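See below for the structure under consideration.
The values are calculated or read from the model by the stated rules, or taken from the named source; none is laboratory data. In this text, all values refer to a predicted model and were calculated from it rather than measured experimentally. Cβ placement follows ideal geometry from the backbone for every residue including glycine, while neighbour counts extend to all protein chains displayed.
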Amino acid sequence: MATHTGTLKYEAVQNYINGRFQDEALEALEVHSPLDGTLLTTVPLSTEKTLDQAVQAAKNALPQWSAATVKERVQIFYTYRNLLLENLDRLSELICAENGKTFSEARAELEKSVELTEFACSMPQMVGEEVLEVSRGVECRIERRPVGVVASITPFNFPSMVPHWSIPNALVLGNTMIVKPSEKVPLSLVEAAKLLQKAGLPDGVFNIVNGDKTIVEAICDHPDIGAISFVGSTAVAKTVYRRGTSNLKRVLAMGGAKNHLIVLPDAHVAMTATNVIASVTGCAGQRCMAAAAMIAVGNTEEIIDRICEEARKMEPGKDIGAVISKAALQRIENYITQAEQQGAKIRVDGRGVKIPGRENGYYVGATVIDQVSPDMAIAREEVFGPVLAIMRSQSLKEAISIENANPYGNAAAVFTQNGGAAREVINQASAGMIGVNVGVPVPREPFSFGGWNESKFGALDITGKSSIEFWTQLKKVTTKWNAEAGINWMS
Ligand code: NAD
């Protein structure tokens, strides 16, 4: 059973299997709020046995759920979408508490979960079947069927949105599902389960198994799970992709990022500075789409000065939320210190932040580091904090080659008023999502989300129309109903 050292702010998290929260005698971890260290709850470290129960529940629910029409299944998600909206403020507070975001960031995350659900509700308009008379009286038809029992493994940085990248689409398309949330932020998904149940989702269609590496590995190995979507760091994405596919499953594994912004001298000064700093500091830099490295081409001093000015305006604890843990805080500060020791210039320093009354929270202020060289760790590695590393280049070509040399490839952006230069970056940047004068180029529905290179393993993207292919398989049916005895080719 869970042992903990104080009063829990929220009920101890339980696994959700077959429509019920289960009280199990499992080892548990404490979950503290990054905002101020408050003990929020405990989360069970489930075993393979619990996962197997969830898979059995999902298997039992599959025949009836997959036999319903897509028009019937979306009805539940219309209701669910409205329930999300009715509970927007309460759910946003929960995201703030468990993840450390500011309230407006948490609310924006919830609004994105609503948009993802709305996309799933439009599925009947998108999954119409194809049919053609291919020989005289012979018809070929493509039917879209669910994969079966599927799973999703999610990270800490978006406790609601990232699970919603997979849940509505996978379920509306007729699959049944097990989600393993990050053990750092297990609370938002508990509320999602309650609202899905309230919306009328049948028992067993959606299940939650909490835990750590043990459950992730068990998901990769379970013979009855057909597909896995994973979102997290590159190292874990690679192991999940390798292990899942070696067990002959479909896997789509999204990894980490180091997003580059290329700023040209003709960029609009104020617009560039505010966009760059919003991208660097949003969600305390803990976004896989955050701007992390900037390549300033030629004379961009005025823009860089303005970027520093904007960074200084950002108040930790008010404009910038907390980072997830003490370990994250130390990692980020170490990167800054190391860059300083290697000769980079700290123009705005976010280290050593203490917020009165929230001494047990984990805060890093906006940080701008200039004169970074491409070989420094701060230029190459994912820092995952509100830190911008600025490199200098003499030409756009050189800037593009610096971007290309980075192993990640989630997003890249260019700030310029020159359409030709922007097109050059669109063509040459080695990233899956490109922004032109946009610091966080997240494609909104129905466009799909997905990076390249070490930021994604597996074909297809995780959201939008691309996800329809991931969560379904095609059945090709050839029929002949006329009584004609004559045979022509392929009849
Ligand atoms: P993480 O890789 O530590 O954890 C992700 C999930 O994997 C969690 O559920 C966790 O319990 C599990 N896990 C952790 N270590 C494991 C191990 N050794 N073996 C098996 N499972 C393990 O990631 P995180 O710290 O929660 O999230 C931040 C990372 O996610 C960043 O790298 C960020 O860029 C990335 N991310 C990527 C995208 C994208 O779309 N590319 C989106 C969001 C976050």
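Does the range 290-309 hold any residues that are of a type outside the set (Ser, Thr, Tyr) and free of Cβ contacts under 8 Å to residues at least 40 places away in the same chain, and which are they?
Within the range 290-309, 299, 301, 302, 305, 306, 309 qualify.
Only one of these conditions is not met by residue 249: (1) surrounded by fewer than 23 Cβ atoms within 10 Å (Cβ to Cβ); (2) away from the ligand (no atom under 16 Å from the Cβ); (3) not hydrophobic (A, V, I, L, M, F, W, C). Which number is it?
(2)
Each row is one residue, and each column tells you yes or no for (1) within 27 Å of the chain's Cα centre (by Cα); (2) over 30 Å from residue 242 (Cβ atoms).
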position	(1), (2)
425	yes, yes
429	yes, no
433	yes, no
442	yes, no
448	yes, no
465	yes, no
480	no, yes
483	no, yes
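Condition (residue is in contact (Cβ under 8 Å) with a residue 40 or more places away in the chain, within 12 Å of the ligand (Cβ to nearest atom) and more than 18 Å from the chain's Cα centre (by Cα)) applied to the range 216-229: is it met by at least one residue?
Yes: one or more hits.
With the condition kept exactly as written, say whether any residue in the range 193-206 is within 27 Å of residue 328 (Cβ to Cβ), surrounded by 24 or more Cβ atoms within 10 Å (Cβ to Cβ), of a type outside the set (Gly, Ala, Ser) and not assigned by TED's automatic domain parsing to the domain that holds residue 307.
Within the range 193-206, not a single residue is within 27 Å of residue 328 (Cβ to Cβ), surrounded by 24 or more Cβ atoms within 10 Å (Cβ to Cβ), of a type outside the set (Gly, Ala, Ser) and not assigned by TED's automatic domain parsing to the domain that holds residue 307.
Please enumerate the residues belonging to the range 378-387 that are small (Gly, Ala, Ser) and part of a loop (DSSP other than H, G, I, E, B).
385
What do you reckon, is residue 409 in the same structural domain as residue 292 (by TED's automatic domain parsing) and either modelled with pLDDT under 95 or buried (at least 16 other Cβ atoms within 10 Å of the Cβ) (or both)?
When the stated conditions are applied, residue 409 passes them.
Which pairs do you get when a residue that is touching a residue at least 12 places away in the same chain (Cβ under 8 Å) and assigned by TED's automatic domain parsing to the domain that holds residue 471, found in the range 115-130, comes within reach of a residue that is surrounded by 15 or more Cβ atoms within 10 Å (Cβ to Cβ) and in a strand (DSSP E or B), reach meaning Cβ atoms under 7 angstrom, with the pair 6+ apart or on two chains?
As it stands, the answer is 127/144; 129/144, since those pairs meet every condition given.
Please work out which residue is nearest to residue 156 (Cα to Cα), limiting yourself to the range 230-248 and to residues that are within 18 Å of the chain's Cα centre (by Cα) and assigned to a loop (DSSP other than H, G, I, E, B).
Checked the range 230-248; the qualifying residue nearest to residue 156 (Cα to Cα) is 232.
Given the criterion within 14 Å of the ligand (Cβ to nearest atom), crowded, with 18+ Cβ neighbours inside 10 Å and not assigned by TED's automatic domain parsing to the domain that holds residue 294, identify the matching residue among 449, 384.
From the options 449, 384, the qualifying one is 449.
Could you check the range 252-281 and list, in sequence order, the residues that are away from the ligand (no atom under 16 Å from the Cβ), among the hydroxyl-bearing types (Ser, Thr, Tyr) and under 23 Å from residue 448 (Cβ atoms)?
Scanning the range 252-281 gives no hits.
Only residues that are at positive phi and crowded, with 17+ Cβ neighbours inside 10 Å: list them for the range 6-40, please. Don't jump to the end; show me each part of the working.
Restricting attention to the range 6-40, the residues satisfying the condition of being at positive phi are 18-19, 37.
Result: 18, 19.
Return the residues of the range 153-182 that are closer than 22 Å to residue 12 by Cα and either among the hydroxyl-bearing types (Ser, Thr, Tyr) or out of contact with any helix residue (DSSP H, G or I) (no Cβ under 9 Å at 6 or more places or on another chain) (or both); say none if nothing qualifies.
Across the range 153-182, the qualifying residues are 154, 160, 182.
Find all pairs meeting these conditions: Cβ atoms under 8 angstrom apart; at least six residues apart or on different chains; first residue within the range 342-359 and modelled with pLDDT under 95; second residue not in a loop (DSSP other than H, G, I, E, B).
If the second residue must be not in a loop (DSSP other than H, G, I, E, B), no pairs are left.
Mind listing whichever residues of the range 3-62 are closer than 20 Å to residue 202 by Cβ and either in a strand (DSSP E or B) or modelled with pLDDT under 95 (or both)?
15, 16, 17, 20, 21, 22
Give, as residue ranges, the strands (runs of 3 or more DSSP E) completely inside the range 69-183 that count at least 3 residues that are loosely packed, with under 15 Cβ neighbours inside 10 Å.
Per the criteria, 130-135, 138-146.
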